[in-house]
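> Below is one structure. I have some questions about it.
The values are calculated or read from the model by the stated rules, or taken from the named source; none is laboratory data. Remember, predicted model here, so these are calculated numbers, not experimental data. In this analysis, Cβ positions are derived from the backbone assuming ideal geometry, glycine residues included, and neighbour counts consider all displayed protein chains. Only protein heavy atoms, including side chains, enter the accessible area calculation; ligands, DNA and RNA are left aside. Shrake-Rupley method; radii C 1.70, N 1.55, O 1.52, S 1.80 Å.
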Amino acid sequence: MVDVLRFGMVGGGLGSYIGQVHRKGATFDEQARLVAGSFSRDFQRTLQTGQRLGLDRERLYRDHNEMAEQEAAREDGIDYVIICSPNYAHYAAAKAFLERGIHVVCDKPLTVTVEEAEELAQLAQEKGLLFAVSYAYAQCPAVKQAQLMVQNGDIGEIQVVMAEYPMGWLAAPVEQEGEVPWRTDPKQSGISNCVGDIGTHIENTVAYITGLEIEELCARLDNFGGDNRPLDTNAHVLVKYKSGAVGNYWCSQVAIGYDNPLKVRIFGTKGTIEWCQEFPNHLRVAKLGQPPQMLAKGQEYFYPQANELARLGAGHPEGYYEAFANFYRAFNGALLKHKQGLELTSEDLDFPDVFAGLRGVKFIHRCVESSKRGSVWVKFD
Ligand SMILES: NC(=O)c1ccc[n+]([C@@H]2O[C@H](COP(=O)([O-])OP(=O)(O)OC[C@H]3O[C@@H](n4cnc5c(N)ncnc54)[C@H](O)[C@@H]3O)[C@@H](O)[C@H]2O)c1
């Protein structure tokens, strides 16, 4: 019997943004505990973080290589690693752990090049290791409900998708006011800032809800909001799906007055579904010839599979932390089963995996390529 999983972290030092969200999510259901880390490039920061989190000094490492090597050699070594360092550092760390037989959870975007993402996907498959990519919005009950409604034909054939993710935090030239955020630095972010950071969430959420596959896209990226910004802060993307449906995505970091309202609208032949991340417990549904309705998680009219992701009754707000907890409940559950030698079903594997990560990286590269070539249509595959 496998008891509780052990995990380590690369990135996520004290003061980082997403690290503490991963830690809470991974341990929410007492299926796993943190035992090791290389939380920062600065070893003193790693030591401080480890001390604060109550970890053994001997399991705090200078870098991911040292951690992968030493953890793989221990009898009580980690079962998986969570990588939540800036984008450029994902690939080398993921590769180091996969090569030593350690399962991986990596934040998005998976890597900075398509080739790196392909290599990780192949390596994970060859080694038979689980690999999740933390597009956690997909684990909100209302997003699952939207997916099930599409799958059950509740809104008919999808014809049009409109999705947006506007933020305003780069509207001012923050680089001139102090430290340059790593997201605007190509060495750390990769070839895109805005599409890589939030456009990729649009791509993943739409793909998860609709199952639509992109055939080709046409993008325009702009670097608004500061002098000589090397990377995009605003992007418009037209999409043609293999099914014949069409889509329109907009992401921005210069949209003053907006924080995190990722919004997806799916228009079908029989109805429309709308979900917005800032009101994550609700789903607006309009059926042809009927007045629009606001559905709420936790109510009996939600599909049971969607309500399984709700941890509280209807009306009690839940959101980002719970979505991460659901993501980890799925991943930890699958890994516990895998460790017992049991066969995993598609239901066990209902979380974004390395192929979703690879698709996200391809999306970023196709958008940049289209924009650079004068906003021409480019094939996705
Ligand atoms: N899934 C989501 O919704 C979501 C949300 C926010 C961020 N992210 C992703 O998470 C990653 C981190 O973003 P963030 O906002 O937390 O950044 P951050 O700057 O707040 O934190 C990054 C952390 O990584 C550490 N670090 C930097 N280089 C490292 C290295 N080589 N080895 C080990 N640690 C290193 C830093 O010291 C810091 O603790 C990014 O890839 C980002 O795209 C995902």
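> Find which of 50, 146, 120 sits farthest along the positive direction of the dipole of the range 46-166, computed with +1 on the beta-carbon of Lys and Arg, -1 on that of Asp and Glu, about the Cα centre.
50
> Rounded to the nearest 0.05, what FRET efficiency is calculated for residue 286 and residue 118 with R0 set to 56 Å and r the Cβ-Cβ distance?
0.90
> To the nearest 20 debye, what is the magnitude of the charge dipole of the range 206-252 about its Cα centre, counting +1 on the Cβ of each Lys and Arg and -1 on the Cβ of each Asp and Glu?
80
> Beyond 32 Å between alpha-carbons counts as too far, so tell me which of 187/242; 108/372; 242/337 fall in that bin.
Pairs exceeding 32 Å: 187/242; 242/337.
> Between residue 299 and residue 220, what is the label-point separation in nm under the 7 Å Cα-to-beta-carbon projection?
Each label point is offset 7 Å from its Cα along the Cβ direction, giving 4.0 nm.
> Decide, for the range 73-122, between rounded, prolate and oblate: order the square roots of the alpha carbon gyration tensor eigenvalues as a ≥ b ≥ c, take rounded if a/c falls under 1.5, and otherwise choose prolate if a/b is larger than b/c, else oblate.
In terms of gyration-tensor shape, prolate.
> Related question: Quick one, can you get me the convex hull of the C-alpha atoms of the range 290-342 expressed as volume per residue in Å³?
Cα-based convex hull of the range 290-342, divided per residue, equals 105 Å³.
> Sticking with this structure for a sec: A 30 angstrom limit on the alpha carbon distance is what I want to check against. Which of 127/263; 95/263; 95/379 exceed it?
Over 30 Å Cα-Cα: 127/263; 95/263.
> Kindly sort 222, 76 by accessible area of their heavy atoms, largest first, with the probe set to 1.4 Å.
These residues rank, largest area first, as 76, 222.
> Still on this structure, please answer the following. Taking loop as defined by DSSP and a crowding limit of 15 other beta carbons within 10 Å, which trypsin sites (Lys or Arg not before Pro) in the range 56-94 fit?
62, 74
> How fast does the range 5-129 diffuse by Stokes-Einstein, in µm²/s, taking the Kirkwood radius from C-alpha pairs at 20 °C and 1.002 mPa s?
Value of D from the Cα-based Kirkwood radius: 150 µm²/s.
> Are there trypsin sites (Lys or Arg not before Pro) in the range 192-270 that DSSP marks as loop and that have at most 14 other Cβ atoms within 10 Å, and which are they?
242, 270
> Can you classify the range 241-381 as rounded, prolate or oblate using the Cα gyration tensor, where a ≥ b ≥ c are the square roots of its eigenvalues, rounded means a/c under 1.5, and otherwise it's prolate if a/b beats b/c and oblate if not?
oblate
> Next question, about the same structure. Calculate what fraction, in whole %, of the accessible area of the range 83-145 sits on carbon and sulfur atoms when a 1.4 Å probe is rolled over the protein chains.
45
> What number comes out for accessible area per residue over the chain if the probe is 1.4 Å? Units Å², please.
44
> Quick one: putting +1 on the C-beta of Lys and Arg, -1 on the C-beta of Asp and Glu, what dipole do you get for the chain around its Cα centre, in Debye to the nearest 20?
460
> Same structure, new question: Inverting the mean 1/r over all pairs of different Cα atoms, compute the Kirkwood radius of the chain and quote it in Å.
21.4
> While we're looking at this one, here's another question. What is the spin-label model distance, in nm, from residue 377 to residue 29 if the labels are put 7 Å beyond Cα along the C-beta direction?
It is 4.3 nm.
> Leaving out same-chain residues fewer than 8 places away, which aspartates and glutamates sit with a Cα under 13 Å from that of residue 270?
By straight Cα distance, residue 270 reaches 154, 157.
> While we're here: Normalising by the residue count of the chain, find the relative contact order in percent from Cα pairs under 8 Å and 6+ residues apart.
20
> Would you kindly calculate the translational diffusion coefficient of the range 184-296, applying Stokes-Einstein with the Kirkwood radius from alpha carbon pairs, for 37 °C and a viscosity of 0.692 mPa s, and quote it in µm² s⁻¹ without decimals?
Estimated via Stokes-Einstein, D reaches 210 µm²/s.
> Using +1 on the beta carbon of Lys and Arg, -1 on that of Asp and Glu, and nothing else charged, what's the dipole of the range 5-129 about the Cα centre, debye to 20?
Computed about the Cα centre, the dipole is about 540 debye.
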